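Contents: one structure, followed by commentary.
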2 protein chains.
Amino acid sequence: MRADAQRNAEKLRTAAAELFHERGLHAPLKEIARRAGVSHGTLYNLFGSREALINEVVTDLAAARLGQIAEHALAHDDAWDGFAYYVEALCELQITDPAISDVVTGRYPGAESLMVLCERSRASGTRIIERAQQAGVLRPDFTREDLLFLLGANAVLARATKDTAPDSWRRSVAFTLDGLRTEAAHHPLPPAALTAPQFYEVMGALADTR
Amino acid sequence: MRADAQRNAEKLRTAAAELFHERGLHAPLKEIARRAGVSHGTLYNLFGSREALINEVVTDLAAARLGQIAEHALAHDDAWDGFAYYVEALCELQITDPAISDVVTGRYPGAESLMVLCERSRASGTRIIERAQQAGVLRPDFTREDLLFLLGANAVLARATKDTAPDSWRRSVAFTLDGLRTEAAHHPLPPAALTAPQFYEVMGALADTR
DNA sequence: AGCTTACTTGACCACGGGGTCAAATTCCGT
DNA sequence: ACGGAATTTGACCCCGTGGTCAAGTAAGCT
């Protein structure tokens, strides 16, 4: 690789990281190139696809942040506090970092490594959920799919309110958390039971919502 | 108005009603014209703007449905049942009729009459909320803005799941409702306090989410 | 039937997104 | 400092959206 190409790739990575961070994984490629001070042709040249760019710029960072949050959640002695921390931290991430938020809610079905990451994150989520349920504090009918839906819904709200009332999401999350405690459960819930493919279809549809 | 123009207007109204119903108030005008079997020029000719079309095709219908739901909610003897019915009915509306859902969540800031309607609907909502709070069953820190956020979040979820798991929204709504009962309240909530203009700004942002 | 006028059409504009590729440019080894 | 190869550029294509308007068409009055 020639030196100039290397430099351009670096400029593009930087610009991409910025724009993804500001606007999420759907930021226009042409705008990334513009910010990097480079023609969009060059971007296609050096990376070929949005996915490649995402892999180089978002994946590791997202993995680190998500791992950290899951770890921190499990570090709470109280299972409920851990669960609540986990939910709140992920929700907060959705305003502070739309790119990572897109990873969590599976908003970018195109990128292999992201799906892996998403899967790993769901696994941590499951562990945190199960711990809270075994401790008897989280209602037993709450599933990891429900958690993802919760996050998906919050993502929309958080983005809509972030410029006007940046903390609004805390209210709705607080309401929801109160409804997730074991003693809050009132009636049997309507069934969930999504198969894995169904689930990904749904998350894909959520993605189109952008 | 000439007879053929009248006929075309009617065809357009029909097509618009269908598409709005299927896809919400943001359905492309050109597609409405296409479905009506008429050039898009004619649409602009006869109606001039999307808002005009909405007024003729959605407003009354939406007013009727919303009025009916509010009335039905207040008809419940039990204040909680009334509130829960209201929330669930509105959420259900969001899959069965995206157009009306757009009205409720204020997704079309351009149309005057819709804003009036939206305001009226919020007023009914307030009545239903207050009744439940006075009966001591709905937590007193729940506001009508919170309700709108709830609906906005649900709208996204409902649309994402309607083809795959059409009843998923019922689960998340059930969780949330359980968290709204007086006895579920655990901690003081983060502040709400949106001014009216702020609130409309937020709903506008929610609209861009589409 | 003829003619005026209302109406319709579809090509056209602008915008913004994704993506391609021939030609121009720049690097760098010799 | 030259020349071949790597790299970049930006004009060009696609698509779908909103919107306008001159020219063509047909309704319906006399």
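Below are the figures for this structure:
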| quantity | calculated |
| --- | --- |
| Residue closest to axis [chain A; rotation mapping onto B; Cβ; Å] | A:G179, 1 |
| Exam field: B:H186 pseudo-label spacings to other copies (7 Å along Cα-Cβ), nanometres | 1.8 |
| Residues with amide H under 5 Å from that of A:L138, placed H, sequence gap 5 or more | A:Q133, A:T182 |
| Rounded tilt (10° steps) of B:79-96 against the dominant C-alpha axis of chain B | 30 degrees |
| Candidates A:A165, A:A36, A:A123, ranked by Gaussian network fluctuation over chain A, Cα under 10 Å, top entry | A:A165 |
| For B:K30, label point 7 Å along C-beta direction: distances to other copies, nm | 1.6 |
| Averaged over A:60-68, number of beta-carbon atoms from partner chains that fall within 10 Å | 0 |
| Region A:129-135 - phi-based ³J(HN,Hα) in whole Hz, Karplus 6.51/-1.76/1.60, Gly and Pro as x | 4, 5, 4, 5, 6, 5, 6 |
| Where labels lie 7 Å past Cα in the beta-carbon direction, separation of B:D60 and B:R2 in nm | 2.7 nm |
| Whole-Hz ³J(HN,Hα) from phi, Karplus 6.51 cos²θ - 1.76 cosθ + 1.60, for region A:194-199, glycine and proline x | 8, 6, 4, x, 4, 4 |
| Separation of alpha-carbon centers, region A:165-201 and region B:132-162, rounded to whole Å | 13 Å |
| Residue among B:N154, B:N55, B:N45 with the largest mean-square fluctuation in a Gaussian network model of chain B, springs linking Cα atoms under 10 Å | B:N45 |
| Charged-residue dipole, Cβ positions (Lys, Arg, Asp, Glu), region B:58-209 about Cα centre, Debye nearest 20 | 100 debye |
| Average beta-carbon neighbours from other chains, 10 Å sphere, peptide A:180-190 | 5 |
| 3J(HN,Hα) from dihedral phi, region A:13-19, Karplus parametrisation 6.51/-1.76/1.60, rounded to Hz, x for glycine, proline | 4, 4, 4, 5, 4, 4, 5 |
| Two-decimal log10 I(q)/I(0) for chain A, as the Debye equation yields it once each C-alpha is a single scatterer, q = 0.08 Å⁻¹ | -0.31 |
| The protein assembly as shown pair-distance distribution - Cα-Cα, 20 Å bins, rounded % | 24, 52, 22, 1 |
| Peptide B:143-154, shielding by other chains (average Cβ, 10 Å cutoff) | 4 |
| Whole-Å distance, taken between Cα centres, linking region B:30-86 and region A:65-82 | 46 Å |
| Most fluctuating residue given options B:A70, B:A158, B:A15, as computed from a GNM of chain B linking Cα atoms under 10 Å | B:A15 |
| Inter-copy spacing of B:T126 label points, which lie 7 Å from Cα along Cα→Cβ, given in nm from shortest upward | 4.8 |
| Per residue, the convex hull volume that the Cα atoms of region B:1-48 enclose (Å³) | 60 Å³ |
| Solvent-accessible ranking of A:H72, A:H26, largest area first, probe 1.4 Å | A:H72, A:H26 |
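The values are calculated or read from the model by the stated rules, or taken from the named source; none is laboratory data. The structure displayed is predicted, hence computed values, not measured ones. Methodologically, a virtual Cβ is constructed for each residue, glycine included, from the backbone with ideal geometry; neighbour enumeration extends over all protein chains shown. What goes into the accessible areas is simple: the full protein's heavy atoms, side chains included, and nothing from ligands, DNA or RNA. Shrake-Rupley method; radii C 1.70, N 1.55, O 1.52, S 1.80 Å.
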